[in-house]
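One structure below.
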Amino acid sequence: MQSSTPVAGVHDAREAADGPRAADGAHEVHRAYAAPEVHARQISARLDRLPPSAPVWLLIGALALGGWFEIYDMFLTAYIGPGLVKAGIFTKTTASLFDLGGLGAFVAALFLGLFIGTIGVAFIADRLGRRRVFVGALLCYTFAAVMMSLQDAPGWIVFWRVVAGIGVGAELVTIDAYVSEFVPARLRGRAFAFVQAIQYTSIPTIAFLSWQLVPIAPFGQDGWRWVVWIGCSGAVFVWLIRLGLPESPRWLIQHGRIAEAEAIVARLEKRIERATGKPLPIAHVPQVAPHIENVAHATTSAESDSPWSARYRRRTIMLLVFNFFQSIGYYGFASWVPTLLAEKGVTLTHSLWYSFLIAIASPLGPLLSMLIADRVERKWLIVGASAAMAVLGIIFAQQREPMLLVAMGLLMTLAGNCMTFSYRTYQAELFPTRMRARAIGLVYSASRISAMLSGFLIGFFLRHLGVPGVFALIAGSMFVVMLTIGLFGPRSRGLSLEQISG
């Protein structure tokens, strides 16, 4: 059992009230804790004891807003897909498994880019910092999205879609690492739910814009192009907001920049005390077991820094399998909603209207889940949501009545988004700071491969087996997810990042 001791020299109420003494306290911390791993635990303890106050939620909100347009771009596929088919650029189904002229190629292009971004670019966030990648990835997405919107040939649209996906992939990995390293342990589930609720307001936004614009051609330009341009214009504004975000204190500690980490945490502590009018409690550093200390001392070893090391290999394999199958289930529905509705005989205009109604549930799911996010063990939230998606998908496939289709779609979206925020929290918790972005990128990459293949798979299943065949594929994938997490997932609720990853 782990014990804890107070942090000497940490900012308490009296030190926060006067600047000079607070600064002296910071120097005392530096003298008292020379080892980097102890500094990391000390910073972690101070962050984990922060109350869920306005400054904390504002910081979480700023990080969430940073990813709004990345989610907008991810779900662009579903809502402008019918417009690309209507314009004659892509066909609805695929003649062969890798037909670049089919809509499946457009779906797959995003996930190819996401794969490259997550496994080939996101690791840079472990080297250069969360903030730099967080700011730079949006520029990549915005430029590529603008270039894509100016194309008419399917090959060039697919190419620029891949480039946009690279920026989105690097961004989403970085956000998950960023959020997990800033928020207190007891708030982590709710924080990720809140982040997703804000980010997923982009889904009804793009659904509404697509419903209004995709069937028409304002000023002689196809409506789908306007949907892309609106997203790019807003992304520029959000890029300016990102410039004011601080670096992750945990990342700074890992790179020996202790004074910077101390300054960031001290500023946040002072803002919280001013907002609440109460002194912060004394932070207690958990006393970890000797084998964890040895791992911390061995950070120069390539083995200890690898998700494939003996300590983390089982978690890595579990999350690779999980991610491969969850994306078939989740994106198999989310990226094909208008097309699946159209296949059931719903007209283009009505399919986009029904898709808008279903999309409204996207931010509501995480908001409702905040009530249980830190009350139920993370792994069981993932298992329960996956089971609900499997059952609801099968029911959806049997319906033809519009209102029942919308109702089943709403419930499936709620379940899918509960699963999504839960696993984003979970996989960020299971690895240490020194490799967090790299490990998240690695396990996420499996979902990008399967989602890329699912674009072709679902187009193929839709052509030969119809909507019931598509949802049989989704249900089977969710069953594998349930077994993987249920049998092999460790517990994480209420534990500090250092306790979980140690």
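Worth a mention:
- Using θ = phi - 60° in the Karplus curve 6.51 cos²θ - 1.76 cosθ + 1.60, the 3J(HN,Hα) couplings for the stretch 430-438 round to 7, 10, x, 4, 4, 10, 4, 5, 5 Hz; x is entered for Gly and Pro.
- Scoring 105-111, 368-374, 173-179 by mean Cβ neighbours within 10 Å over their residues and listing the highest first yields 173-179, 105-111, 368-374.
- Summarising the label geometry, the points placed 7 Å from Cα in the beta-carbon direction at Ala217 and Ile282 lie 7.4 nm from one another.
- Here's how it looks for Gly102: its modeled amide H is under 5 Å from those of Thr91, which are all 5 or more places away or on a different chain.
- Counting neighbouring Cβ atoms within 10 Å and putting the fewest first, the residues Trp229, Trp308 line up as Trp308, Trp229.
- The stretch 50-62 - phi-based ³J(HN,Hα) in whole Hz, Karplus 6.51/-1.76/1.60, Gly and Pro as x: 5, x, x, 9, 4, x, 5, 5, 5, 5, 4, x, 5
- For the stretch 122-226, the average shadow cast by the Cα convex hull is 8.0 nm², which is a quarter of the hull's surface.
- In this rough spin-label picture, where each label sits 7 Å from Cα along the Cβ direction, the Gln151-His464 distance is 2.8 nm.
- Length gained when the stretch Leu58-Arg314 is fully extended (0.36 nm per residue, less Cα-Cα span): 88.6 nm
- The stretch 340-463: equivalent-ellipsoid semi-axes (sqrt of 5 x gyration tensor eigenvalues, Cα, Å): 30, 19, 12
- The Ala259 and Val236 beta-carbon pair, evaluated with R₀ = 56 Å, returns a calculated FRET efficiency of approximately 0.95.
- When each of the peptides 66-74, 217-225, 142-150 is scored by how many other beta carbons lie within 10 Å of its residues on average, the order from highest to lowest is 66-74, 142-150, 217-225.
All of the numbers you see were taken from the coordinates with simple rules; none came from a lab. Nothing here was measured: the structure is a model prediction, and the numbers come from that model. Counting neighbours? That spans all protein chains shown, and the Cβs are built from the backbone with ideal geometry, glycine included.
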